[in-house]
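Enquirer: Sharing a structure, written as structure tokens. Questions coming.
The values are calculated or read from the model by the stated rules, or taken from the named source; none is laboratory data. Please read all numbers here as calculations on a predicted model, not as lab measurements. When we count neighbours, we look across all protein chains shown, and the Cβ atoms used for this are built from the backbone with ideal geometry, even at glycine. For accessibility, only protein heavy atoms count, side chains too; no ligands or nucleic acids. Shrake-Rupley method; radii C 1.70, N 1.55, O 1.52, S 1.80 Å.
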Amino acid sequence: MNIFRIDQKVALITGGAGYYGKPICMALAEAGARVIIASRSADKCEEFAQFLREKGYLAKGVHLDLGNESSITKVIKSIVEQYGRIDILVNNAVSREGFKNLEDLDKKSLEDSQLINSTGLMLITKAAIGFMRRQGSGNIINIGSIQGVMGPHFPVYGDTGMTSPVNYTYDKWGMVGFTKWIANYYGKFNIRANCISPGGYGPGVAESIGENEFVANYKKLTPLGRFANDDDIKGPIVFLASEASAYVTGHNLLVDGGWTSW
Ligand SMILES: NC(=O)c1ccc[n+]([C@@H]2O[C@H](COP(=O)([O-])OP(=O)(O)OC[C@H]3O[C@@H](n4cnc5c(N)ncnc54)[C@H](OP(=O)(O)O)[C@@H]3O)[C@@H](O)[C@H]2O)c1
């Protein structure tokens, strides 16, 4: 099963110290990659990198602000300077700034969310792909959501007052299209692009909410009857990051316990 190994591959994970970010980094590190964990809270990223290093893995935390183009350029450039290459970019970060229902949206809230979830996403991918083209290979993995393959299921929230913001649906559908654009355009340069669309994350989301109507409904409407746990994203991310998926590009892999299969 050596095709699942990614030894010494250089992998940048945006938002890598967040809920889904941590198991993504852990999986890539366990599979052998040199993991660079990046977000605005450099301390949090470095703290998690330290945790991984203590387990014997290769990891480093760096500052990255996806809302700032020079920060993006600096991070990519410094990775290439230090490691001589960048093999895998996992676009996992999300900003929830400005997430609202349509009637509550104003220009500022739209711009706040687009700046990170659309502009930042494209600029960091562009910066990484510039180097990937020169090195003759690359792998982009975008972390989407069930909200990027279907419309929100509003009844699931019951009377909790919770909702799914309109800009999240827009961003995540866009991400799937963006993934396919990269796959189709850069295939000839030996660069692959795929998306993972996960369902609700248990340890981060469901557990912090507690047992409310939404949590109960979500479990009921998920064929596997539960939220995602820490391990659920690990296999899919290693599959897409490794040669095990060498002929897979432009794909959107649903990791949602069946939520979207009804
Ligand atoms: N949680 C879920 O149930 C769920 C379900 C389906 C899909 N997803 C997807 O999974 C991915 C991760 O979500 P999550 O819930 O795990 O997120 P999270 O824990 O809230 O983490 C979001 C990450 O994004 C980083 N970030 C935000 N703004 C940034 C900026 N300007 N520059 C750089 N980094 C920034 C944050 O770090 P800093 O604040 O330090 O910058 C944080 O590490 C997202 O793409 C999300 O859409 C999540």
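Enquirer: Could you tell me how many of the residues in the range 209-235 are buried (at least 20 other Cβ atoms within 10 Å of the Cβ) and farther than 19 Å from Thr160 by Cα?
Expert: The total comes to 3.
Enquirer: Here's another thing I want to ask about it. Which residues, counting only those in the range 170-204, are more than 11 Å from the ligand (Cβ to nearest atom), over 18 Å from Leu89 (Cα atoms) and of a type in the set (Ser, Thr, Tyr)?
Expert: Tyr170
Enquirer: If Asp87 satisfies all but one of (1) farther than 20 Å from Ile141 by Cα; (2) crowded, with 18+ Cβ neighbours inside 10 Å; (3) among the acidic types (Asp, Glu), what's the number of the condition it fails?
Expert: Going through the list (1) farther than 20 Å from Ile141 by Cα; (2) crowded, with 18+ Cβ neighbours inside 10 Å; (3) among the acidic types (Asp, Glu), Asp87 breaks only (1).
Enquirer: Condition first: among the small types (Gly, Ala, Ser), over 18 Å from Asn92 (Cα atoms) and open to solvent by less than 20 Å² (accessible area, probe 1.4 Å). Now tell me which residues in the range 4-63 satisfy that.
Expert: Pass one, the range 4-63, residues among the small types (Gly, Ala, Ser): 11, 15-18, 21, 27, 29, 31-33, 38-39, 41-42, 49, 56, 59, 61.
When the remaining residues are screened for being over 18 Å from Asn92 (Cα atoms), the result is 31-32, 56.
Once the filter is applied, which keeps residues that are among the small types (Gly, Ala, Ser), over 18 Å from Asn92 (Cα atoms) and open to solvent by less than 20 Å² (accessible area, probe 1.4 Å), the range 4-63 yields Ala31, Gly32.
Enquirer: Filter the range 147-169 for residues that are within 16 Å of Phe99 (Cβ to Cβ), within 13 Å of the ligand (Cβ to nearest atom) and surrounded by 15 or more Cβ atoms within 10 Å (Cβ to Cβ) and give the result.
Expert: Gln147, Gly148, Pro152, Ser164, Pro165, Asn167, Tyr168, Thr169
Enquirer: Being open to solvent by less than 30 Å² (accessible area, probe 1.4 Å) and over 30 Å from Gly187 (Cβ atoms) narrows it down to one of Gly98, Gly144, so name that one.
Expert: Values: Gly144 fails: over 30 Å from Gly187 (Cβ atoms).
That would be Gly98, the only listed residue that is open to solvent by less than 30 Å² (accessible area, probe 1.4 Å) and over 30 Å from Gly187 (Cβ atoms).
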